[in-house]
Amino acid sequence: MRTTTSRTVQLLIALGLLAAGCGEGGTAGSGESEPAPDTNPRALKVAKAWDGSPAAEIWRKGYYPMADAVQLPEDAFHNDADKEAYITDNFVLRGDLPKAPTKAAKVTWQHGGSLTLPLMKAREAYDRLARSSGPPPHLTVTGAKLGETTLATSRGPATVPAWLFTIEGYDTPLKRVALDPSKLPEPPIGPVGNSPTDGLWELNELVEVAEDGRSVTVHAYHGSCDDGPGVDALETDGSVVLSAYVVDTNDEGLPCTSDLHTGKVTVRLDRPLGDRILLDAFTGRPVPHGNLTGPSPSWR
């Protein structure tokens, strides 16, 4: 299933020349649009390697979030300054943080099953938020307590422990999940290479899985000389393999630079994702989820 988008977001990344005919100060297009690449052979290899593998078994038993570990206050943000402070990890602490009452906590899945994992201390959770100590704007934390929240995971919705941080000026807390994800399994197949190969590109991040599981939204890369990214989906009983590529332009004489962009692409599925593994055909790995500041570090 193919889908494309023209919406782009500038990334602070430069990778040299991104596509044929695309260079600094050049022009794009030859008047003819190239056909989309055949993504099926690589996707089939990735699906075959993962389906029924030990890596897939580890994945299905572990705790792998499919959403951000941070959940913002309900009324966030009050202004652009607060949003900037959050994106730049600029927090200050004006109060005491509690000690963890226990050393372990439990993930409980909505559809059954649970897993006990080490509980993250409040100070560590705060340090994951406050990675900058620069000048204002900043968000002020005045306290915290241990609670819980619901989070999308690879095994469906789960109830997980979370530190509830009181943010000055906000009526509801900022929630930070108090667990680290399980260690990612060693993938049973390697990446196709360190650069786009046979028209395939690495996906940037998973943005959202629809509530009914019938679609997934991702950020995919493309350049300045094309019509945006496209994403194919190959579905099996055990996995959904996403193959990202660039849709060529057939316009002539357009200004062309080597900038790298991302576009948001929503891929419709034939049936709900469920507990199937969402894989990137290029890397041969699970697609990392992202947040306001980029792909989750826990997936790297």
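The values are calculated or read from the model by the stated rules, or taken from the named source; none is laboratory data. Everything numeric here is computed off the predicted structure, so don't read it as measured data. Ideal geometry is used to build each Cβ from the backbone, glycine not excepted, and the neighbour counts take in all protein chains shown. The accessibility values were calculated without ligands, DNA or RNA, using every heavy atom of the protein model including side chains. Shrake-Rupley method; radii C 1.70, N 1.55, O 1.52, S 1.80 Å.
Quick one: which of 206-218, 74-86 comes out on top by average Cβ neighbours within 10 Å, and what's the full order, highest first? Let's see the in-between values first.
On the way: 206-218: 17.1, 74-86: 14.5.
Ranked by mean Cβ neighbours within 10 Å, highest first: 206-218, 74-86.
Sorted by mean Cβ packing within 10 Å, highest first, what order do the peptides 119-126, 142-149, 156-163, 100-107 take?
On the way: 119-126: 19.1, 142-149: 16.2, 156-163: 21.5, 100-107: 14.4.
The densest-packed peptide leads the list: 156-163, 119-126, 142-149, 100-107.
T172 to A36: FRET efficiency via 1/(1 + (r/R0)^6), r the Cβ-Cβ distance, R0 45 Å, to the nearest 0.05?
Values: r = 45 Å, r/R0 = 1.00.
Plugging the Cβ-Cβ distance into 1/(1 + (r/R0)^6) gives 0.50.
What are the ³J(HN,Hα) values, in whole Hz, obtained from phi via the Karplus relation 6.51 cos²θ - 1.76 cosθ + 1.60 with θ = phi - 60°, for each residue of segment 124-133 in sequence order, with x given for Gly and Pro?
Couplings: 5, 4, 5, 5, 5, 7, 9, 8, 10, 10 Hz.
Starting from 0 in steps of 10 Å, tell me what percent of the Cα-Cα pairs of segment 204-249 lands in each bin.
Going out from 0 Å in 10 Å bins, segment 204-249 shows 25, 49, 23, 4 percent.
Rg to Rh for segment 58-125: what is it, with Cα atoms only and Rh by Kirkwood? Before the final figure, lay out the partial values.
Numbers: Rg = 16.1 Å, Rh = 15.3 Å.
We get a ratio of 1.05 for segment 58-125.
Spelling out what I want: for every residue of segment 58-67, take phi, set θ = phi - 60°, compute 6.51 cos²θ - 1.76 cosθ + 1.60 (Karplus), and round to whole Hz; glycine and proline get x.
4, 4, 6, 9, x, 9, 10, x, 10, 8
Sticking with the crude label model, points 7 Å out along Cα→Cβ, report the distance from T116 to T102 in nm, one decimal please.
My value for the distance between the label points is 0.8 nm.
Per residue, how large is the accessible surface of segment 121-218? Use a 1.4 angstrom probe and give square angstrom.
Details: 4740 Å² over 98 residues.
Accessible area per residue: 48 Å².
Out of residues 5 or more away from D227 or on other chains, whose amide H comes under 5 Å of its own, with H placed 1.01 Å from N in the peptide plane?
Sorted by chain and number, the residues that satisfy this are V247, D248, T249.
In square angstrom, what is the accessible area per residue of segment 29-115 with a 1.4 angstrom probe? Spell out each step's value before the answer.
On the way: 5210 Å² over 87 residues.
Counting only protein heavy atoms, the per-residue value for segment 29-115 is 60 Å².
What is the extension gain from F77 to L44, computed as 0.36 nm multiplied by their sequence separation minus the C-alpha to C-alpha distance, in nm to one decimal?
Values: separation 33, 0.36 × 33 = 11.88 nm, distance 4.33 nm.
Full-extension gain reported as 7.5 nm.
Tell me the carbon and sulfur percent of the accessible area for segment 31-99, rounded to whole percent, probe radius 1.4 Å. Numbers along the way, then the final one.
On the way: 1970 of 3970 Å².
Carbon with sulfur: 50 percent of the solvent-accessible area.
What base-10 log of the normalised intensity I(q)/I(0) is obtained for segment 151-204 from the Debye formula, alpha carbons as equal point scatterers, at q = 0.19 Å⁻¹?
Results for segment 151-204 at q = 0.19 Å⁻¹ read -0.85.
Taking a virtual spin label 7 Å from the Cα of T88 along the C-beta vector, which residues in segment 63-81 bring their backbone nitrogen under 12 Å of it?
It comes to 81, nothing else.
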